[in-house]
Amino acid sequence: MERWSNRVAVVTGASSGIGVAVAKDLLKANLIVVGLAPLIERMETYKAELPAEQQQRFHVFACDVASKESVDKAFDWIINKLGGVGILVNNAGIFKAGQACTINLSDLEQTLQVNVMGVVYATQRVFKSMKERDVDGHVVIVNSVRGHSVPLPVIPGPSIVNVYPASKYAITALTEVYRQEFKGLDTKIKVTSISPGLTDMEIMPEKYRSFGLVMLKLEDVSSCIMFTLSTPPRMQIHELIVKPAGGE
């Protein structure tokens, strides 16, 4: 990770879950980190708990990745204040439990907007920054095992995942699209999809916990992201699937 020292990393969805774990690990690796999330107060809270030196390298900005205007405002600030971005961790994502055939359509639209277009909005801005400076940047996308298969429900009853797998299948395809584009446009930018299995985080429906399902910890997923970032420029991890041992 030494080559990333003092470079700028942006983490979306940095107010909870995997985003918090990744932001903390990047700070420990001596990067300048910008956390983006709608709930800036939550980021400010855990920023205050960091060592003083890390607090100086951690910047937070209110941003809703579902809004292009909000994303543009955030990246305008980042580029003007901190210079170009070296790493983007597209972590922001939502899950609304229910059946696609009955759930409120606005919930389905929001899921697709955050999980797919949020990645597109942020990646476009970061790509422009990296391409203009001809740097060896890295775009990481937090995907899901649900972006590779739609298994039968792990708990009794009808499936509650609705368009969530569809949004993650889109990310699987988009990762390959970006790989081809980054190569075809003659850049040094890498792209990696990280697909965790069941992970213990806030968006997990409570009844999943009541069934005692085996889950990954947040730090497990963050360690995968840090590993992909630590690879040399000649090496690109395109897809990394990680599941809880003995689980789904």
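The values are calculated or read from the model by the stated rules, or taken from the named source; none is laboratory data. Remember, it's a predicted structure, so these values are computed and weren't measured experimentally. Cβ coordinates were reconstructed from backbone atoms using ideal geometry, including for glycine residues, and neighbour counts include every protein chain displayed. SASA here: full protein model, heavy atoms, side chains in, ligands and nucleic acids out. Shrake-Rupley method; radii C 1.70, N 1.55, O 1.52, S 1.80 Å.
Going by what's in this entry, would TRP4 be described as within 19 Å of the chain's Cα centre (by Cα) and aromatic (Phe, Trp, Tyr)? Considered against the rule, which asks whether it is within 19 Å of the chain's Cα centre (by Cα) and aromatic (Phe, Trp, Tyr), TRP4 comes out as yes.
With respect to the conditions (1) aliphatic (A, V, I, L, M); (2) in contact with a helix residue (DSSP H, G or I) (Cβ under 8 Å, 6 or more places away or on another chain); (3) open to solvent by 60 Å² or more (accessible area, probe 1.4 Å), ILE94 lacks only one, and its number is (3). Residue pairs whose Cβ atoms lie under 9 Å apart, sitting 6 or more positions apart in sequence or on different chains, and linking a residue in the range 106-128 that is open to solvent by 10 Å² or more (accessible area, probe 1.4 Å) to a partner that is modelled with pLDDT under 95 and basic (Lys, Arg), are ASP107/LYS96; LEU108/LYS96; GLN110/LYS96. Taking the range 176-215 as the range and being aliphatic (A, V, I, L, M) and modelled with pLDDT of 95 or more as the test, the residues that pass are VAL177, LEU185, ILE189, VAL191, ILE194. Output the number of residues of the range 65-83 satisfying the condition of being surrounded by 17 or more Cβ atoms within 10 Å (Cβ to Cβ) and either at pLDDT below 95 or of a type in the set (Asp, Glu) (or both). Here the count works out to 0. Filter the range 211-234 for residues that are closer than 26 Å to PRO156 by Cα, loosely packed, with under 14 Cβ neighbours inside 10 Å and in contact (Cβ under 8 Å) with a residue 40 or more places away in the chain and give the result. Across the range 211-234, the qualifying residue is only PHE211. The requirement of being open to solvent by 90 Å² or more (accessible area, probe 1.4 Å) and either in contact with a Phe, Trp or Tyr (Cβ under 7 Å, 6 or more places away or on another chain) or closer than 19 Å to GLN110 by Cα (or both) is satisfied by TYR169. Residue count for the range 9-30 satisfying the condition of being surrounded by 24 or more Cβ atoms within 10 Å (Cβ to Cβ), over 18 Å from TYR121 (Cα atoms) and not small (Gly, Ala, Ser): 3.
Scanning the range 144-162 for residues that are within 22 Å of the chain's Cα centre (by Cα), among the aliphatic types (A, V, I, L, M) and open to solvent by 30 Å² or more (accessible area, probe 1.4 Å) yields one hit, VAL150.
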